[in-house]
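A short write-up of the structure that comes next.
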Amino acid sequence: KTRGKNFLELLADPNDVAECTMQPIRRYNIDAAILFSDILVIAEALGVDVEMPGGKGILVPRPIAGPEDMHRIPEKIDVKVKLAHVLASVKKINETIEAEGLGVPLIGFSAAPWTLMYYMVGGSSKKNTDVGMKWLKQHPKEAQKLLDILTDVVIDYLDEQVKAGVHMVQVFEAMCEHITEESFYEFAMPCMEKIAAEMKRRHPDVPLLGFARDAPYGIAALQRAGYQIITIDTAMDRNVARAALQADADARGVAPAGVQGNFDPTLLNKEGGASFEGIEAEVTQMLKDFGPQKLIANLGAGLSGKEDVEKVAYLVDCIHRVSEDMIAKQK
């Protein structure tokens, strides 16, 4: 509010991005910073306008109407130029973390290709939710070309984030609710595989996190692709998730991936959320289900703005306390 800018305008200024990234680290006892950004910066870099009017979700006012509109999308861009503001933000954030002596790593991220395509052809997070699948069915050749372009840009974008200073990266396939399982494996998953393979080639020591929201069937495939941390949403049973990853790893004679998730953020709401006792009970259950090791304790969905900041602080401190107790008892 003090800046007088909307969300997208904030993202264009590295100083604002750094401040927004730093605020939760200063306020809560969390173990990592997450780059303050948006999943559609790549769409903007490709020349597709994005709007975020309050209460209406994400809007793309001029989506790619059909194959005849593909000429609008360049086959390649220089992310060092088109997304220079994001890369400058990464450097500014790390400088601020060091200057304030906070000593936490920075997590970068990108939307995955299917999610980007979903918005670029459908134009909205809440309307026209079937347009992406129509492209896959009616225009598979052009859809694949668009996904290939997006995959290459995502790789370059994550590569440059790492070079700028992020310590790990998450690939976020947010719109699996709007793709069939069959099409997920045919179109979305090969992109995720290519991203993982290329990022491991370029940066073998940088951890990769993979998240396919609303696609619980895909977590073992993400593990096989090389993602070392699999993010679990609130819809998936924790024990089932761990068991699926363990079974896949056992079949290949390797160690299973770690997991991230999946506390229900609605329990933190000021109105209708859980009590402190309820939060602790759910934290304890989450840590029992997942186990306190090889886990990044996090939310299983995004915040809504209805949360009580005191409950958020209690959640963070409770996770530290309960997990430390569990680990101590295991020794």
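The values are calculated or read from the model by the stated rules, or taken from the named source; none is laboratory data. This is a predicted model, so every value here is computed, not measured. Note that each Cβ is placed from the backbone with ideal geometry, even for glycine, and that neighbours are counted across all protein chains shown. Heavy atoms of the whole protein, side chains included, go into the accessibility calculation; ligands, DNA and RNA do not. Shrake-Rupley method; radii C 1.70, N 1.55, O 1.52, S 1.80 Å.
Descriptive notes on the structure:
- Count of residues meeting criterion [hydroxyl-bearing (Ser, Thr, Tyr) and either more than 21 Å from the chain's Cα centre (by Cα) or loosely packed, with under 12 Cβ neighbours inside 10 Å (or both)] in the range 248-299: 2
- Looking across the range 179-219, the residues that are outside any helix (DSSP H, G or I), touching a residue at least 24 places away in the same chain (Cβ under 8 Å) and either surrounded by fewer than 16 Cβ atoms within 10 Å (Cβ to Cβ) or out of contact with any Ser or Thr (no Cβ under 9 Å at 6 or more places or on another chain) (or both) come down to 179, 180, 203, 206, 207, 208, 214, 215.
- Filtered by the rule that a residue be β-branched (Val, Ile, Thr), under 23 Å from residue 295 (Cβ atoms) and within 13 Å of the chain's Cα centre (by Cα), the range 27-42 gives a lone residue, 34.
- If you go through the range 157-169 and pick out every residue that is touching a strand residue (DSSP E or B) at 6+ places or on another chain (Cβ under 9 Å) and open to solvent by 30 Å² or more (accessible area, probe 1.4 Å), you end up with 2.
- In the range 63-72, of all residues being modelled with pLDDT of 95 or more and open to solvent by 50 Å² or more (accessible area, probe 1.4 Å), the one that is farthest from residue 149 (Cα to Cα) corresponds to 68.
- Residues being open to solvent by 20 Å² or more (accessible area, probe 1.4 Å) and part of a helix (DSSP H, G or I) - total across the range 226-247: 8
- Condition check for residue 151: in contact with a Lys or Arg (Cβ under 6 Å, 6 or more places away or on another chain), within 22 Å of residue 231 (Cβ to Cβ) and either assigned to a helix (DSSP H, G or I) or among the hydrophobic types (A, V, I, L, M, F, W, C) (or both): yes
- Out of 34, 39, 25, 30, sole residue that is touching a strand residue (DSSP E or B) at 6+ places or on another chain (Cβ under 6 Å), open to solvent by 50 Å² or more (accessible area, probe 1.4 Å) and either modelled with pLDDT of 95 or more or not polar (S, T, N, Q) (or both): 34
- Residues of the range 316-331 satisfying the condition of being open to solvent by 60 Å² or more (accessible area, probe 1.4 Å) and closer than 17 Å to residue 282 by Cα: 317, 321, 324, 325
- When the range 143-156 is limited to residues that are out of contact with any strand residue (DSSP E or B) (no Cβ under 6 Å at 6 or more places or on another chain) and of a type in the set (Val, Ile, Thr), the one that is surrounded by the most Cβ atoms within 10 Å (Cβ to Cβ) turns out to be 153.
- Leading residue by the ranking (most open to solvent (accessible area, probe 1.4 Å)) among those in the range 300-315 that are of a type in the set (A, V, I, L, M, F, W, C) and not in a helix (DSSP H, G or I): 303
- Condition met for residue 283 (in a helix (DSSP H, G or I) and touching a Cys at 6+ places or on another chain (Cβ under 9 Å)): yes
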